[in-house]
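The values are calculated or read from the model by the stated rules, or taken from the named source; none is laboratory data. Since the model is a prediction, treat every value here as computed from it, not as a measurement. Every residue, glycine among them, receives a Cβ derived from its backbone with ideal geometry; neighbour counts consider all protein chains shown.
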Amino acid sequence: GALVYQYPRRTICKSGTSMRMECQAVGFQATSVAWYRQSPQKTFELIALSTVNSAIKYEQNFTQEKFPISHPNLSFSSMTVLNAYLEDRGLYLCGAREGFGEQYFGPGTRLTVL
Amino acid sequence: TQTVSQSDAHVTVFEGDSVELRCNYSYGGSIYLSWYIQHHGRGLQFLLKYYSGNPVVQGVNGFEAEFSKSDSSFHLRKASVHWSDSAVYFCAATGYQNFYFGKGTSLTVIP
């Protein structure tokens, strides 16, 4: 079956430092990968959508300079939170899909910023 | 504008009651509609999805949802809830290049 793994599941970083999170698709080809952040208020915000052979599209309020994303092949994507501060804390979800197929979600990486 | 709307932020019922969590969508093309559950402090778990065919889809743990094109809705239902169903439920719509979450409905089941 199709699965999406994310690691680490939880991470703590000091304010002003950076941390990288990874997303791996198994059982299908992740032609597009979307990264989301769930705020403490529980709503999901789309950070960016990465589609193979297309430029990564960042949503308003999110930039490549702050959240650089790599999508080097059809099974892997990573995102880094640069210079993390308190407002960056939350659950970061990776959603991957093959073509116009169903989007599969990983369990998320929970980021705590001290 | 493509959106997913969950009109109820909080729903409280007693164990054994039936429940319906509402979801309405606005989208101009072909979409998947799905429901996810998130228990406190955890990630998302897939419940069910609809793309085409029978408008009533069955999911895990006794959940079902019914698609209505005329109402632009995809409401989630369960005939008899258990206290462990207490969680936040998210409705989502997947379009060609986009994916939209509703804001979630927090379900509290009183034992």
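Mind checking whether some residue in the stretch A:14-32 is modelled with pLDDT under 95, within 13 Å of chain B (Cβ to nearest Cβ), under 18 Å from A:GLY106 (Cβ atoms) and surrounded by 15 or more Cβ atoms within 10 Å (Cβ to Cβ)?
Looking through the stretch A:14-32, at least one residue is modelled with pLDDT under 95, within 13 Å of chain B (Cβ to nearest Cβ), under 18 Å from A:GLY106 (Cβ atoms) and surrounded by 15 or more Cβ atoms within 10 Å (Cβ to Cβ).
Counting residues that are small (Gly, Ala, Ser), which strands (runs of 3 or more DSSP E) fully inside the stretch A:1-94 reach at least 1?
A:19-26, A:32-38, A:44-51, A:69-73, A:76-81
Under the condition of being within 14 Å of chain B (Cβ to nearest Cβ) and farther than 19 Å from A:GLY27 by Cβ, which residue from the stretch A:61-107 is surrounded by the fewest Cβ atoms within 10 Å (Cβ to Cβ)?
A:ARG89
Out of the residues in the stretch B:97-111 that are polar (S, T, N, Q) and not in a loop (DSSP other than H, G, I, E, B), state the one that is nearest to the other protein chains (Cβ to nearest Cβ).
B:SER106
Got a sec? Which of B:SER70, B:SER18, B:SER7 is surrounded by fewer than 18 Cβ atoms within 10 Å (Cβ to Cβ), closer than 17 Å to A:PHE44 by Cα and out of contact with any Phe, Trp or Tyr (no Cβ under 7 Å at 6 or more places or on another chain)?
Matching residue, one of B:SER70, B:SER18, B:SER7: B:SER7.
Being in contact with a strand residue (DSSP E or B) (Cβ under 7 Å, 6 or more places away or on another chain) and outside any strand (DSSP E or B) is the filter; apply it to the stretch B:72-96 and report the residue that is farthest from the other protein chains (Cβ to nearest Cβ).
Per the criteria, the residue is B:HIS82.
Determine if the stretch B:87-108 includes at least one residue that is farther than 18 Å from B:ASN24 by Cα, touching a Gly at 6+ places or on another chain (Cβ under 8 Å) and touching a residue at least 12 places away in the same chain (Cβ under 8 Å).
yes
Those residues that are over 18 Å from B:PHE101 (Cβ atoms) and of a type in the set (Ser, Thr, Tyr), I need them from the stretch B:16-34; list them, please.
Within the stretch B:16-34, B:SER18, B:SER30 qualify.
Take the conditions buried (at least 20 other Cβ atoms within 10 Å of the Cβ) and either touching a Phe, Trp or Tyr at 6+ places or on another chain (Cβ under 8 Å) or not charged (D, E, K, R) (or both) and apply them to B:TYR25. Does it pass?
The answer is yes for B:TYR25.
Step by step: first the residues of the stretch B:33-71, then only those that are in a strand (DSSP E or B) and farther than 14 Å from B:PHE90 by Cβ, then the one that is nearest to the other protein chains (Cβ to nearest Cβ). Which residue is that?
Result: B:TYR50.
Tell me which residues, restricted to the stretch A:79-101, are touching a residue at least 12 places away in the same chain (Cβ under 8 Å) and over 15 Å from the mean Cα position of the chain (by Cα).
Residues satisfying the conditions are A:ASN83, A:TYR85, A:LEU86, A:GLU98, A:GLY99, A:GLY101.
Examine the stretch A:38-46 for a residue that is more than 22 Å from A:LEU114 (Cα to Cα) and either among the aliphatic types (A, V, I, L, M) or modelled with pLDDT of 95 or more (or both), and state whether such a residue exists.
Yes: one or more hits.
Scan the stretch B:26-43 for residues that are closer than 24 Å to A:GLY108 by Cβ and either among the hydroxyl-bearing types (Ser, Thr, Tyr) or in contact (Cβ under 8 Å) with a residue 40 or more places away in the chain (or both) and jot them down.
B:ILE31, B:TYR32, B:LEU33, B:SER34, B:TRP35, B:TYR36, B:ILE37, B:GLN38, B:HIS39, B:HIS40
Name every residue in the stretch B:73-111 that is touching a Ser or Thr at 6+ places or on another chain (Cβ under 9 Å), of a type in the set (Ser, Thr, Tyr), more than 26 Å from A:GLY99 (Cα to Cα) and surrounded by fewer than 16 Cβ atoms within 10 Å (Cβ to Cβ), in order of residue number.
B:SER80, B:THR108
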